[in-house]
Amino acid sequence: MSELVWGVKASLRSYVSDSEGRIETPLHRTGDGSFVFPAAGDGRFSGEVRFIAHGGMMDFRICDPALEEREGNTILTIDGDGGRIDLATARPTQREGRLELALTRAGAGHFGDFYPTGGALDDLTITMAAAVRRDTIAIVGSGPAGCYTAQALRRARPEAEVVIIERLPVPYGLVRYGIAADHQGTKNVTKQFDRLFERDGVQFVGNVEIGRDVTIERLRTLFDAVVIATGLPGDRPLGLPGESLPGVHGSGEFTRHVNGHPDDASARYELGSDVVVIGAGNVAIDIVRLLLQGVEERAGSDIHPHTEATTLSGTIDRITLVSRSPVSEARCDAAMVKELGRVPGVAFVVDGDAPEAGPPVAQAIRELTARPVDDARLTVSLRFGASPVAVLGEASVSGVEVSTPDGGYTVIPATAVITAIGFTPATPSDSVSADAEPDGGLFAAGWAHFGPRGALPDARNDGKRAAAAVDSYLASLFLAVQREGIAALRADLPSPAVDFSHWRRVDAEERAAASPGRVRRKFLTSEELLIAGGYALTASPVTERNSA
Amino acid sequence: MTIRVLYGTESGNSEMIAEDVAIVLEQHGTVAVADLQDTDPGSLSPADLYIIICSTYGEGELPASAQPFVDRLVELRPQLDGVHYAIFGLGDSGYADSYSKGSEYLAARLDSLGAVRVGEYGRHDAAGFDDASEIATEWVRGIITVRAAA
Ligand SMILES: Cc1cc2nc3c(=O)[nH]c(=O)nc-3n(C[C@H](O)[C@H](O)[C@H](O)COP(=O)(O)OP(=O)(O)OC[C@H]3O[C@@H](n4cnc5c(N)ncnc54)[C@H](O)[C@@H]3O)c2cc1C
Ligand SMILES: Cc1cc2nc3c(=O)[nH]c(=O)nc-3n(C[C@H](O)[C@H](O)[C@H](O)COP(=O)(O)O)c2cc1C
C-alpha cells in the first residue's frame, strides 16, 4: 500500500510540546515523529492530526490530505470546515517520492497566519510499493509509430500498463491499409508488432475512436502519458480550380480503397481510359504500378477480387504521371521505378523534360524508356517539370492543364485524376491531431508528429524518441496518484472494445478465404470485421449467429 | 567465450531475429545482443563468436544501423585473423538485382580483414512465405553444431 508520510512542521510539533499542548491523532507515527496517512486512492490519503495548545485556543487540524494536479502544478489539499483547502504547493525534490511544500495564502490562513504565505512546511514523502503503483500509458493509433513506440516503451518499462487504442476493429494502420498490396514482404513488420500483444502484455483496444467514443481530455485523466500516433489520413489538396470535380481522387483515399479500408472500400471508381497521377513520390509510383498490373502481377498480393473486378478491371490505355519537379529531383526511389519496368506489356515514354544522366532515380527512369516493347497493352507517360494549373471538366473531370518547362500550357486528357502530393490531418479541426506542443503527459509520434514523410524506419526512430520522452517524463513524476488506466476506460466506452484475439480470428478467417493466387481476402466493412472476429453486434440476428 | 549477437536493421526485423537467436544461444553459453551501430569494429576478438543478423536497404545497401559500423571497419581496417562469425541476411528477392547484397557486403568486408565465416550463410527472403524467426532459429542451431564439431 502506498502512504503519505509527513511531519507537517517540526517547529509546530515542538511548539505544541513546549507550550504543554497535545497532538491528537489515531495515525501511526514514524521514529522522527512523522504521521503516516494511508492511501485512499486517486491521490487521496486518510486520517486526521490535531495540534492543540493554549487550552484549545490554538487548534490546527490536518485532515484527509490529498495531492491534486492542476495545470502542471501539484497542490496539497486538506479537508476544512467549509470544504477542501488548498494548503500548499508541492514540488518534487531530488529524492524520488519526496515533495517540498510551500504554504499558499489559504494555507497560511489555516495556521492562523502563524506562518507566512510561501513559508515551508516539512517535506512530505509518498512511499509506494512498486507492485501497487503502476505507470499507465495510452497510445492512440496502432500504425507503425504507435507500435514502435510501444515496443521501445516495453523495453524501458516492462511493468507499465501500455495500451494501444485503435479506431478500427483491426490493427496496424498503413501497414495494412497503405503499404501496397503487392509488397507483402514489407508488411512482415507486423510479426514484430504481434509480439507486443501476444507476448509482451501490451493491450490492443480496437474499435475505439478517441475524439468520438472517448475524449482526449478524459483519456489524459485516466493515463499518466498519452501518445498520439494517429497518422495523417487526409489528402493534401492541389489548391487548383476543378479539383472537386467527380473523378478526382486523393492518393490516400484511393490506396485505402484498393487496400480494402472500411472507410473507402465500397466507394465506386470508374477510372476509364486515361488516368493522370499527380506527384512523383513513392506513393504515386505505387499507384501507377497497381494500375498497370495485369492479373498475373497481382499474384501473391491481397487485392480483393471485387476491387479487381471493378476499379482495376483493365480499362486503362494510358497513365500519365505529372510531376512539378524535374526528373533529377524526383522524390521516389530508383528501386520503385525499376519495379515498374518489370511489368510486362507496358510502354514508357517521357514527355517534356527528358532525363539526363543524374541521380539513380533519373537513370532508372531513362532505362524504363529505353526498354523496347512491342504490343504494349498500356502506355505510361512520365511528365517531369510540368506544373498542374487547373483540373478541367464539366460534369466530371476531362483533363489536367499543365504548364510546361518551355513556358507554354498543355492539356492532358483525363478520365480520372489521382493526386499524390502528400497528406494532412483528416479535418482541420481534428480533435486528436497532434500539432500542439507536447506538455504534461501528452506526446506525439510518427506522421502525427513529424509530418507525412518517410517510411517504416522513420516511424521506428520516432517511436524510440517518443518512448524515451515518455520514459523520462514518467521518471520525473513523483506521482501520488494512481491513474485508473484501461479498466476505467473500458467502463466509459459506448460499446465494448475488441482485443488482439479478435484480430487473430479475423486474420485467420481472411487467410482461409483467400482466392487462388491471393494471400488473403479482406473483410471490407467494419461490421464484417467485427462479426468475423466473433463480436456480437447489437442487432439480434448477429448475436444469435455468434452464440449459436 | 561470449556469443555476441550483432544486428543491423532499419525497420526492426533483424533486431527481433537477433533476440530470438539469442534465446536459442543462451542454452550454449553467455550471450550478449547489440546493435551494430553501438559496436566498435576494433573490439572484435578471436575469443568470442559473432552472430550477425543484417538486412539490406536501398538497392543493395546496408541498413542504417549497420552503416556506421562498416564505415569504421573500412577506416580502421582492424586485423581480424581468428575472429569467427556467422551471418544471417534478411532481404527481399523482389529487389531482384540487389537481393541480400547489404549483408553480403558486410561479410565481404569482414572476410577481407581476415575474419573466418562459419557455417551456412543464413537467409530470409521477405518475398516468400517463410517465417523469419523459424528459419533463423533453425539456422543458428546448425551454426552451433558446426562449431561444436570444429
Ligand atoms: C499509400 C502509402 C504507401 C506506403 N508504403 C510504404 C512502404 O512500402 N514502405 C514503408 O516503409 N512505408 C510506406 N509508407 C509509409 C508508412 O506507411 C508510414 O511511414 C507509417 O505508416 C506512418 O505511421 P503512423 O503510425 O504515424 O500512421 P498510420 O500508419 O496512419 O497509423 C495511424 C493509426 O491511427 C489510427 N487512428 C487515427 N485516428 C484515430 C483516433 N481518433 N482514435 C484511434 N485511432 C485512430 C488509424 O486508424 C491508424 O491505424 C506508405 C504510406 C502510404 C500512405
Ligand atoms: C526501401 C526498401 C529497400 C529494400 N531494398 C532491398 C534490397 O535491395 N535487397 C534486399 O534483399 N532486400 C531489400 N529490402 C528488404 C528488407 O531487407 C527486408 O524487408 C528486411 O526484412 C528488413 O529488415 P529490417 O527490419 O531488419 O531492416 C528493402 C526494403 C525496403 C523497405
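Miscellaneous remarks
- Between the C-alpha center of segment B:101-115 and that of segment B:77-98 there is a gap of 6 Å.
- Cα centroid separation, segment A:170-217 to segment A:327-399 (Å): 34 Å
- In this structure residue A:500 has an accessible area near 20 Å², from a 1.4 Å probe over the protein heavy atoms.
- Placing A:374, A:235, A:302 in order of accessible area, with the largest value first and a 1.4 Å probe, yields A:374, A:235, A:302.
- Accessible area in square angstrom per residue, the protein assembly as shown, 1.4 angstrom probe: 43 Å²
- Both radii come from the Cα set of segment A:237-422: Rg as radius of gyration, Rh as Kirkwood radius; their ratio Rg/Rh reads 0.94.
- Normalised by the number of residues in chain A, the mean separation of alpha-carbon contacts (under 8 Å, six or more apart) gives a relative contact order of 16 percent.
- Based on C-alpha pairs under 8 angstrom that are at least 6 apart in sequence, chain B has a relative contact order of 24 percent.
- For segment A:89-194, carbon and sulfur atoms together expose 54% of the accessible surface, with a 1.4 angstrom probe and every protein chain in place.
- For chain A, the membrane-span-like helices by this rule, meaning whole DSSP H stretches whose C-alpha atoms cover at least 20 Å of axis and whose Kyte-Doolittle mean is -1.0 or above, are A:456-476; this says nothing about an actual membrane.
- Each Lys and Arg contributes +1 and each Asp and Glu -1, all at the Cβ; summed about the Cα centre of the protein assembly as shown, the dipole is approximately 620 debye.
- Shown for segment B:1-17: residues covered by the partner protein chains by 30 Å² or more of accessible area relative to the chain by itself (probe radius 1.4 Å), namely B:10, B:11, B:13, B:15, B:16.
- Beta bridges by DSSP in the protein assembly as shown, antiparallel share as percent, to the nearest 5: 45 percent
- The simple spin-label model puts a point 7 Å past each Cα toward its Cβ; for residue A:453 and residue A:374 those points are separated by 4.8 nm.
- For residue B:147, solvent-accessible area (1.4 Å; no DNA, RNA or ligand), Å²: 80 Å²
- Chain B: C-alpha gyration tensor shape, a/c 1.5 cut-off, then a/b vs b/c: oblate
- Segment residue A:536-residue A:59, length gained on full extension (0.36 nm per residue, minus Cα span): 165.6 nm
- Helical segments meeting 15 Å axial Cα length and Kyte-Doolittle 0.0 threshold in chain B (DSSP H): B:13-25, B:132-149
- Heavy-atom accessible surface of segment B:1-149: percent carbon and sulfur, 1.4 Å: 49 percent
- Pairs beyond 25 Å (Cα-Cα), from A:191/A:464; A:522/B:101; A:191/A:522; A:338/B:101: A:522/B:101
- Interface size, chains A and B: roughly 1600 Å² of accessible area buried, both sides included, 1.4 Å probe, rounded to the nearest 100.
The values are calculated or read from the model by the stated rules, or taken from the named source; none is laboratory data. In this text the structure is predicted, and so the values were computed from the model without any measurement. Here Cβ is always computed from backbone atoms with ideal geometry, including for glycine, and neighbour counts include all displayed protein chains. Side chains included, ligands, DNA and RNA excluded: accessible areas come from the protein's heavy atoms. Shrake-Rupley method; radii C 1.70, N 1.55, O 1.52, S 1.80 Å.
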